[in-house]
1. Would you check which residues across region 1-46 are surrounded by 17 or more Cβ atoms within 10 Å (Cβ to Cβ), of a type in the set (A, V, I, L, M) and over 20 Å from residue 69 (Cα atoms) and list them?
2. Going through 114, 162 one at a time, which residue ends up being more than 14 Å from the ligand (Cβ to nearest atom) and in contact with a helix residue (DSSP H, G or I) (Cβ under 8 Å, 6 or more places away or on another chain)?
3. Since residue 80 meets every condition but one in (1) among the hydrophobic types (A, V, I, L, M, F, W, C); (2) near the ligand (Cβ under 8 Å from one of its atoms); (3) not in a loop (DSSP other than H, G, I, E, B), which condition does it not meet?
4. Could you tell me whether any residue of region 123-137 is open to solvent by 10 Å² or more (accessible area, probe 1.4 Å), within 21 Å of residue 221 (Cβ to Cβ) and either in contact (Cβ under 8 Å) with a residue 40 or more places away in the chain or near the ligand (Cβ under 9 Å from one of its atoms) (or both)?
5. Which numbered condition trips up residue 66, out of (1) more than 15 Å from the ligand (Cβ to nearest atom); (2) buried (at least 18 other Cβ atoms within 10 Å of the Cβ)?
6. Got a sec? Which of 200, 204 is among the hydrophobic types (A, V, I, L, M, F, W, C) and open to solvent by 30 Å² or more (accessible area, probe 1.4 Å)?
7. For region 184-221, which positions are among the aliphatic types (A, V, I, L, M) and part of a loop (DSSP other than H, G, I, E, B)?
8. Can you pull out every residue in region 50-63 that is surrounded by 13 or more Cβ atoms within 10 Å (Cβ to Cβ) and away from the ligand (no atom under 11 Å from the Cβ)?
Amino acid sequence: MSDSDVTRVFIVGIAGAIGSRLAHLLTVDGDRVDGLYRRSEQGERLAADSIRATQGDVTRLDGPSFAELLKDTDVLVFAAGAGGKGGTTAIDAIDGAAVTTTLEAARLAGVRRLVLVSVFPEAWRGLDVSDTFEHYIEVKKKADAELAASDLDWVILRPAALTDDAGTGRISLSPALVHTRVTRDDVAAALAELVHTPQIHRQILELTQGQDHIAEAVRRQIRG
Ligand SMILES: NC(=O)c1ccc[n+]([C@@H]2O[C@H](COP(=O)([O-])OP(=O)(O)OC[C@H]3O[C@@H](n4cnc5c(N)ncnc54)[C@H](OP(=O)(O)O)[C@@H]3O)[C@@H](O)[C@H]2O)c1
């Protein structure tokens, strides 16, 4: 593989359930992966999978210090989230303000492409959700709006309710879908495909389990 075939990807939330799956897939593909994790044992787990990563808390970085970590990055993926822990303060800091910092860092470091893992705005309607769930949806939507207003080559990916079932390799991917479910394995595989498909940019894509092979589903969203 020549250097020009290698995509250099930085994943915020690299130790998360989706982030670590994505890092594994990209590493196996021969890409150069880095990303932010918080706890030492996560770094050890990633290293055991031959994944290099950087220990740090995105909420403690400002734009310039984060940009320092992004030298030579081609694609930034934001896959972090408060994950229901820490109430509205954590949601505001991670799902909200950290996206703002990531945008600033991308601009300062000259990274053009940013893929944001978001959520269906109507997710979990009618189900028993936590007190902070509406706040979480509102903050996620504001982050989507901020990214969509930027001049970056952004992609906003909105997965349906996540499951830990084994990946099926088959999804639906479209600007508008009915909210159902999707496995984290398939989300990570779709993200890996999007990372490698720069023709898709400035698009919001919703993702559920479906009938289409992942590569084909992504290819179909190329415009023009
Ligand atoms: N759950 C759903 O059904 C659903 C549906 C659609 C979209 N989503 C979105 O998908 C995202 C990823 O899902 P997932 O299953 O991969 O979640 P996850 O396993 O909770 O991963 C999120 C990662 O973000 C990291 N993180 C949190 N705060 C951070 C900080 N300040 N600095 C650096 N890293 C930080 C967490 O680190 P620690 O391990 O240290 O906590 C965790 O590893 C969610 O956060 C959510 O916004 C979820």
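1. The answer is 18, 25.
2. One residue alone meets the criteria, 114.
3. (3)
4. No, region 123-137 contains no residue that is open to solvent by 10 Å² or more (accessible area, probe 1.4 Å), within 21 Å of residue 221 (Cβ to Cβ) and either in contact (Cβ under 8 Å) with a residue 40 or more places away in the chain or near the ligand (Cβ under 9 Å from one of its atoms) (or both).
5. So residue 66 meets the others, but not (1).
6. Answer to the selection: 204.
7. 200
8. 51, 52, 63
The values are calculated or read from the model by the stated rules, or taken from the named source; none is laboratory data. Since this is a predicted model, take the numbers as computed values, not measurements. Positions of Cβ are backbone-derived with ideal geometry, glycine not excepted, and every protein chain shown enters the neighbour counts. Areas reflect the complete protein model, heavy atoms only, side chains present, ligands, DNA and RNA absent. Shrake-Rupley method; radii C 1.70, N 1.55, O 1.52, S 1.80 Å.
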